[in-house]
1. Excluding residues fewer than 8 places away in the same chain, name every one of the aspartates and glutamates whose C-alpha is closer than 12 Å to that of K297.
2. Between D47 and D128, with labels modelled 7 Å along Cα→Cβ, what's the label distance in nm to one decimal, could you check?
3. Which entries in the list K48/K133; K48/K305; K48/K89; K150/K305; K59/K111; K137/K293 go over 25 Å, if you measure between the two C-alpha atoms of each?
4. Using the beta-carbon distance between I250 and R214 and R0 = 41 Å, what value does 1/(1 + (r/R0)^6) give for FRET efficiency, to the nearest 0.05?
5. Can you work out the accessible area per residue across the chain, with the rest of the protein chains kept in place, probe 1.4 Å, in square angstrom?
6. Between the DSSP loop rule and a limit of at most 16 other Cβ atoms within 10 Å, which chymotrypsin sites (Phe, Trp or Tyr not before Pro) in the range 244-314 are left?
7. Sorted by accessible area with a 1.4 angstrom probe, largest first, how do R132, R127, R65 fall?
8. So if each residue of separation counts as 0.36 nm, and I subtract the Cα-Cα distance between K107 and Y292, what length gain in nm does that give?
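The values are calculated or read from the model by the stated rules, or taken from the named source; none is laboratory data. On a predicted model such as this, the values are computed, not experimentally measured, just so you know. We place every Cβ from the backbone using ideal geometry, glycine too, and count neighbours over all the protein chains shown. The area values use the complete protein model at the heavy-atom level, side chains included, leaving out ligands, DNA and RNA. Shrake-Rupley method; radii C 1.70, N 1.55, O 1.52, S 1.80 Å.
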Amino acid sequence: MEPEISIVIPVYNEEESLQQLFRELLPVMEDLKRSYEIIFINDGSCDKSFSMLYDIREKFPQKIRVIDFNGNFGQHMAIMAAFFHVRGKFIITLDADLQNPPAEIPKVIAKMDEGYDVVGTYRQNRRDPLYRKVASKIVNKITNRITGLKISDYGCMLRGYDRRIVDIIANSNESTTFIPALGQKYAVRPVEIPVAHREREFGESKYNIFSLIRLNFDLMTSFSLSPLQWVTMSGMGISALSFLLVAYMIIRRFIIGSEADGLFTLMAIQFFLTGISIMSLGIIGEYIGRIYKQIQKRPRFVIKKIWEEEDAEK
Ligand code: UDP
Ligand code: MG
């Protein structure tokens, strides 16, 4: 029988968090008194995460399913894979690290019961390093600007999606992606609610500064062409300005004669423009990279095995 609720949790080297996660999550789900399943995706962990997921599945074979990835494909691909296999009517995503406490799940479900098809969340009193909070503030603003979406907190992953939306996301065939943005894009009746946030108690963040930048580039380039339009616009702007400068120089030469001073000013301007050119090449490169990935047609993720009830009976 199809369960009513599917919880989707990506797991990458979370051996320190998992025990506590099971302890908090299972009672919350039981208390709801509604049918549910929990899908864990092991995203190529190299610690004991998989064997812990395996054990808990053995204990609750009816409720828990484990998708074991054939390597590390990233948090969003892990969720994407689970979206192909969910059976529930409402789908809730959650991180394994307990930064969003499972006790907040009923709040999200209550909103879904009200008929919202995407329940977004933002972190109240976010407990993360300061540099990440500041960076997120800026990134949230820029990303909303660029993509035209309205999401207050892109990084908060405790979210609810109606099955219809999940099916659309699963069929959205992009080589890299950002699940909350896709959800928002296809939502017909979205809502946002605040949820509690805790410090990461066990283990550490799986994102370093470079993977965060990567992730944000994926987000921006997959939802908008406006960075490319900026490149074009700034090129046009700079050409117009330099045309004026050249005209001025020619006139000056006739009136005052040639000039030799101001060498370092010239260098500074030159460096600045070189920087813009390199950055523009990079932005164009981002899009070309995406096209390249898309035509390579490599699988976005590879599943080693799905551990679920049917195969236990075989
Ligand atoms: N995660 C994953 N694959 C990755 C990186 C992270 O499945 O390559 C999972 C991780 O186990 C956690 C969630 O994604 O459940 C969020 O990761 P993390 O807490 O490290 O991110 P942060 O909260 O620092 O943004
Ligand atoms: Mg976290």
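1. E174
2. It works out to 1.9 nm between the two label points.
3. K48/K133; K48/K89; K150/K305; K59/K111; K137/K293
4. 0.35
5. Accessible area per residue: 55 Å².
6. none
7. Accessible-area ranking of R132, R127, R65, largest first: R127, R132, R65.
8. Value of the extension gain: 62.5 nm.
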